[in-house]
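Input: a single structure, listed below in structure tokens.
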Amino acid sequence: MPAGTITLTNNSTAVTGSGTAFPTELKANDFLVAVVGGTTYTLGVKSVESATALTLTTAYGGPTTGGLAWTPIPNGTLVGITAQIAADTARAIRGLNYDKQNWQQVYSASGNITVMLPDGSTWAGPSWNGVSTKLNGKLDKSENLNDLGDKAQSQKNLGLGDSAVRDVNKLLVSDSSPSVPVMLQMNSDFRNVISYDTLGEYPLGLSAGLATGKQLPGSGVAQGGFVGLINARTWGNNSAGQCSFQIAVNDNVAGFRRTYIANGTWFYSNFLSWYHSGNTTRASDGTLKAASPVVKIFANGNAETNEESEGVTVTRQAPGVYLVEG
């Protein structure tokens, strides 16, 4: 706090001091601050005449008062404060203008907008009209996709094939079945079926794939030998297990397995071979007999075998002389 007190006179530029040292506290263009009756007066200094006298730049407009405490403010300090106030005011006005512009875009622009944030950065996003437009194109959950504009194209976009929208023939397939009424269009690997005699271990409906001799007891095929297997599990419960069957064929055997029930569970039987022209001969009475190994030799040296003699080779060594091996 500076030394002494001052006296201010209404409508006068003269300031007198008591116990003051104006030359050490003030110079031209500085400011003197005093509080008179609760009102703060900031007065510019035009000149300093002595330690107890100075002249103001403009006349004091308050009531004449003596014995006032006072505060000197250097010109640079007050200018800095004023400049900061001006800068803060400009920033506030600029922010207010940005707010007006931002809200104008939010409510009146269409599509995406870019708004200015208080820190000077920007943010891009949808306007209110843009959001409304997007919402107008939404699907109604209660419609369960019935409000799709192009259902066929939507099906393609989801990667769904024709079978995804084909109705099932309910005359043949029960619509209450828990299974999917779709024909398998790939091979099955029945080698993975451990309990190969149990009907319930195989899939419902018609399936086809690879099996081994191990899974076809009684077929005569080696345990690791491959067999093509068609499995027909024709009913989903035990009420018609007798209608299921398996057909197995490879280059040596052809036959089937039927089913039987034991203790309430359906099983496949041992393999039953089919008789056909490859493993039978026709007797003189026209009946078919299980064939023994037969090799037919022709005059040109060619030979024909049946299933029982498959693998036999014939070599013509001389007229009427043939070597049969195997």
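The values are calculated or read from the model by the stated rules, or taken from the named source; none is laboratory data. None of the values given here were measured: they were computed from a predicted structure. A quick note on method: Cβ atoms are made from the backbone with ideal geometry, for glycine too, and the neighbour counts reach across all protein chains shown.
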Is it the case that segment 33-51 has a residue that's assigned to a strand (DSSP E or B) and of a type in the set (D, E)? yes
Here are some residues: G66, G62. Which one is modelled with pLDDT of 90 or more, assigned to a strand (DSSP E or B), of a type in the set (G, A, S) and under 28 Å from V15 (Cα atoms)? G66
Tell me whether segment 115-129 contains one or more residues that are without any contact (Cβ under 8 Å) to a residue 12 or more places away in the chain, in contact with a helix residue (DSSP H, G or I) (Cβ under 9 Å, 6 or more places away or on another chain) and outside the structural domain of A14 (by TED's automatic domain parsing). yes
Of residues in segment 20-54 being out of contact with any helix residue (DSSP H, G or I) (no Cβ under 9 Å at 6 or more places or on another chain) and of a type in the set (D, E, K, R), the one farthest from T77 (Cα to Cα): K46
Those residues of segment 260-273 which are assigned to a strand (DSSP E or B) and farther than 20 Å from N192 by Cα, in sequence order: Y260, I261, A262, T265, L272, S273
So, of the residues in segment 216-225 that are closer than 15 Å to Y196 by Cβ and among the small types (G, A, S), which turns out to be surrounded by the fewest Cβ atoms within 10 Å (Cβ to Cβ)? G224
Residue tally, condition in a helix (DSSP H, G or I), surrounded by 10 or more Cβ atoms within 10 Å (Cβ to Cβ) and of a type in the set (G, A, S), over segment 123-143: 2
Can you find a residue that is under 30 Å from V312 (Cα atoms) and modelled with pLDDT under 90 anywhere in segment 182-198? no
Considering segment 226-247 alone, what residues qualify as being surrounded by 17 or more Cβ atoms within 10 Å (Cβ to Cβ) and either in a helix (DSSP H, G or I) or not hydrophobic (A, V, I, L, M, F, W, C) (or both)? N231, R233, G241, S244, Q246
